[in-house]
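The values are calculated or read from the model by the stated rules, or taken from the named source; none is laboratory data. Given the structure is predicted, the values throughout are model-derived calculations rather than measurements. Positions of Cβ are backbone-derived with ideal geometry, glycine not excepted, and every protein chain shown enters the neighbour counts. The protein model used for the area step is the full one, side chains on, heavy atoms only, and it has no ligands, DNA or RNA in it. Shrake-Rupley method; radii C 1.70, N 1.55, O 1.52, S 1.80 Å.
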Number of protein chains: 2
Amino acid sequence: MKSLEANKAEYERLIEVFKAHDIGYFFYNGGGDSADTCLKVSQLSESMGYPIQAIHVPKTVDNDLPVTDNCPGFGSVAKYIAVSTMEASFDVASMCATSTKIFVLEVMGRHAGWIAAAGGLVDDSIPVVILFPEIDFDEAKFLAKVDANVKEFGYCTIVVSEGTKWPDGRFLAEQGTRDDFGHAQLGGAAPVVANLIKDALGYKYHWAVADYLQRSARHLASESDVEQAYALGEAAVNMALEGKNSVMPAIIRTSNNPYTWEIGSGELKDIANVEKMMPMDYISDDGFGITDACREYLQPLIEGENYPPYKNGLPDYVVMKKEMVEKKLPSFEV
Amino acid sequence: MKSLEANKAEYERLIEVFKAHDIGYFFYNGGGDSADTCLKVSQLSESMGYPIQAIHVPKTVDNDLPVTDNCPGFGSVAKYIAVSTMEASFDVASMCATSTKIFVLEVMGRHAGWIAAAGGLVDDSIPVVILFPEIDFDEAKFLAKVDANVKEFGYCTIVVSEGTKWPDGRFLAEQGTRDDFGHAQLGGAAPVVANLIKDALGYKYHWAVADYLQRSARHLASESDVEQAYALGEAAVNMALEGKNSVMPAIIRTSNNPYTWEIGSGELKDIANVEKMMPMDYISDDGFGITDACREYLQPLIEGENYPPYKNGLPDYVVMKKEMVEKKLPSFEV
């Protein structure tokens, strides 16, 4: 939601509903925007004299919340991207002598390259070029790098973030073309990159856009991620029972290798509207890969496999019933 | 390779190489084109008086070889598409009240809708509309179906085959647009479908193109598929040892439910250049879904999970060393 001033009636209604149903704990699960809403609910409850304990529970594949080592959801997306990059690369490698030499995988991350960085977790027998949103796209340098990989390895895999931009600030995904009806064609960054390579170097390509597949792929969850998600949920409940308010439980990393961590916490005022960007020393000097420091950070987050139960060949996921409690207040019109 | 006449020198060289290395068995693993090459090698060996036993081992995600119940590789792709359709649908369902209502997943299959059909394996609590290459795209009927799903379920998932065509025969993926340099924009069928919906119905969308991810996803292999792949490989070796030639081992289905099968075989002359299309009674009357007959056929092929071993969070796949034997013949120039 927007600011308290702009949405005062909605926020007040929230508190009224809490009051009517005798709700004292408010848990909000999400990223930076949710943390901000959670903070506002807590502030308003104070100013309205109704005691709500607002606890934010971190969860975002963007991995951009401060204080916490990482955000639940991210480790599993990173695992999905690393595994997919590896598997598709083997596919291309098997045919590259006589056919497709280029594979482009577009991944999420409009502002930060955390997800794209996961493509760098494959071992160095696989030539991967990463395009980060943090680094202006340098076409000539990129094409030279791709060509060098094809000449050395026979093929090249490119992991491109949806947020990668030209030096003038336009997204690669903005093709600037229109169809017969004058509609802008939104084609994704992957086909743009693939076509640039084809035009300049003549290599045959394939491309994929993972989109929601990457963030919903519970079938390939990281055990580390699942374990931390449960631990943070439990910690949130305990913090509520301890009377805490306007806080978020967090993962505090205590060692890289072996990876050890403990539960800590942060104040929402230090978390709301703060985006944790990828440190520049996580990106290699040429701008197309990850450094050892980045690998040390990411590696533990994809460790372990946590498979769902299956039924008839498909995951047997729990679906919430979402039964509404009886309404106690008159209807509210926005 | 092309016909014996067009590539006579290459085929003869093959036989010469076999002779020089005392090779008597030729196993060729692939789809319809490979079966054809395998048949030609067998014919030529006969006409050149050098006895080669040519055995074709079926393997193609296109699932279009005759004689065999299905083709190794297909069951795992079908599982990947069914699981991905399910997972992404849950993602959309969770947000559809206030945000994205449409998810479009583009899948492989330029000629036949076998892979697209797998999107219909999710249970009917998930609204899926399938666009098959076998059915001319009827825009008005499609939009009405999507709109009805959004009104009933709150969202709609579309699985579109890369081979889906307009009534005039053009692929949906051909956008007919060019960039600033006059290059044709190849954007895939998914963004075209997504934009059609947005323009006509105003619904917010996301789209994905699975491309190689779907056919290289060994991490999500179907146990049934893996079991049959090994069984066919073993059968091919046994057929060679029994002196067979110009044949292909095949899966013969003996019962749907419970699914039972045995190893049979076919003659390459009945297999080469024969494409097994999807029976029309596998596609529902409205053209947007699968029938019970199709579900009975597909369901056993995605049963069971066969996970690879993992190391450091990534699959520990076997990589062939591909060591060449010493060359015995002088070099050959094409």
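Scanning residues 5 or more positions from B:Val129 or on other chains, those with amide H under 5 Å from its amide H are B:Thr157, B:Ile158, B:Val159, with H placed 1.01 Å from N in the peptide plane. Taking the stretch B:65-96 and a reference point 7 angstrom along Cα→Cβ of A:Asn7, the backbone N atoms nearer than 20 Å belong to B:94-96. In this Cβ point-charge picture (+1 for Lys and Arg, -1 for Asp and Glu), chain A has a dipole of about 700 debye about its Cα centre. The lysines whose alpha-carbon is closer than 26 Å to the alpha-carbon of A:Lys79, local same-chain residues fewer than 8 away aside, are A:Lys59, A:Lys101, A:Lys145, A:Lys165, A:Lys276, A:Lys311, B:Lys79, B:Lys311. For the residues B:Val77, B:Val319, B:Val226, a GNM of chain B with alpha-carbon springs under 10 Å puts the largest fluctuation on B:Val319. Can you give the % of DSSP beta bridges in the protein assembly as shown that are antiparallel, to the nearest 5? Bridges in the protein assembly as shown are about 45 percent antiparallel. Taken about its Cα centre, the protein assembly as shown carries a charge dipole of roughly 160 debye when the Cβ of each Lys and Arg holds +1 and the Cβ of each Asp and Glu holds -1. All other residues whose Cβ lies under 15 angstrom from that of B:Ser246 are scored, Lys and Arg at +1 and Asp and Glu at -1, for a net of -2. R0 = 25 Å: FRET efficiency of B:Met277 with B:Ala148, Cβ-based, nearest 0.05? Using R0 = 25 Å, I get an efficiency of 0.30. Toward the positive end of the charge dipole of the stretch A:74-218, with +1 on the Cβ of Lys and Arg and -1 on the Cβ of Asp and Glu, the farthest Cα among A:Ala82, A:Trp114, A:Tyr203 is that of A:Ala82.
Protein heavy-atom accessible surface, 1.4 Å probe, per residue over the stretch B:111-168: 35 Å². Extent of the stretch A:249-331 along its three principal axes (Cα atoms, max minus min coordinate, largest first): 58, 45, 28 Å. Label-to-label distances for A:Thr100 across copies, nearest first, come out at 2.2 nm, using points 7 Å from Cα in the beta-carbon direction. Here the protein assembly as shown is described by how far its Cα atoms reach on the three principal axes: 98, 56, 49 Å, from widest to narrowest. Counting charges near A:Glu106 (Lys, Arg +1; Asp, Glu -1) among other residues having Cβ under 10 Å from its Cβ returns a value of -2. Evaluated on the stretch B:188-334, the Kirkwood hydrodynamic radius is 20.5 Å, with distances taken between all distinct Cα atoms. Under a model in which nothing but the beta-carbon of Lys, Arg (+1) and Asp, Glu (-1) is charged, the stretch B:51-200 shows a dipole of about 100 debye around its Cα centre. Remark on the stretch B:201-226: accessible area falls by at least 20 square angstrom from chain-alone to full-complex state for B:Tyr205, B:His206, B:Trp207, B:Ala208, B:Val209, B:Asp211, B:Tyr212, B:Leu213, B:Arg215, B:Ser216, B:His219, B:Leu220, probe 1.4 angstrom.
Provide a list, ordered by number, of residues in the stretch A:289-326 showing at least 20 Å² less accessible area with every protein chain present than when their chain is taken on its own, using a 1.4 Å probe. Residues meeting the cut-off: A:Gln299, A:Ile302, A:Glu303, A:Glu305, A:Tyr307, A:Tyr310, A:Asn312, A:Gly313, A:Leu314, A:Pro315, A:Tyr317, A:Val319. Among the listed pairs A:Lys244/A:Lys322; A:Lys198/B:Lys19; A:Lys40/A:Lys322, those with a Cα-Cα distance over 29 Å are A:Lys198/B:Lys19. Annotation: Cα Rg of chain A relative to the compact-globule expectation 2.2 N^0.38 Å equals 1.14.
Over every Cα atom in the stretch A:74-218, the radius of gyration and the widest Cα-Cα span, Dmax, amount to 14.7, 46 Å. Using C-alpha pairs under 8 Å with a sequence gap of at least 6, the mean separation divided by the residue count of the stretch A:74-218 gives a relative contact order of 31 percent.
Annotation for the B:A interface, with buried accessible surface near 4800 Å², both sides summed [1.4 Å probe; non-protein components not counted]. Taking Cβ atoms as reference points and 15 Å as the exclusive limit, the residues near B:Leu201 contribute a net charge of +2, counting Lys and Arg as +1 and Asp and Glu as -1.
Note on A:190-198: average number of Cβ atoms from other chains within 10 Å of each residue's Cβ is 3. Relative contact order for chain B: 23 percent, from Cα pairs under 8 Å spaced at least 6 residues apart, divided by residue count. Each copy carries A:Asp168; placing its label point 7 Å along the C-beta direction from Cα gives inter-copy distances of 3.3 nm, listed from smallest up. Ranked from shortest, the separations from the 7 Å Cα-to-Cβ label point of B:Asn7 to its equivalents in the other copies are 6.3 nm.
Per-peptide packing, taken as the mean over residues of other Cβ atoms within 10 Å, places B:208-215, A:149-156 in the sequence B:208-215, A:149-156 from highest down. What residue among A:Asn245, B:Tyr259, B:Val334 has its Cα farthest toward the positive end of the dipole of the protein assembly as shown, where the charges are +1 on Lys, Arg and -1 on Asp, Glu, each on the Cβ? Farthest towards the positive pole: B:Val334.
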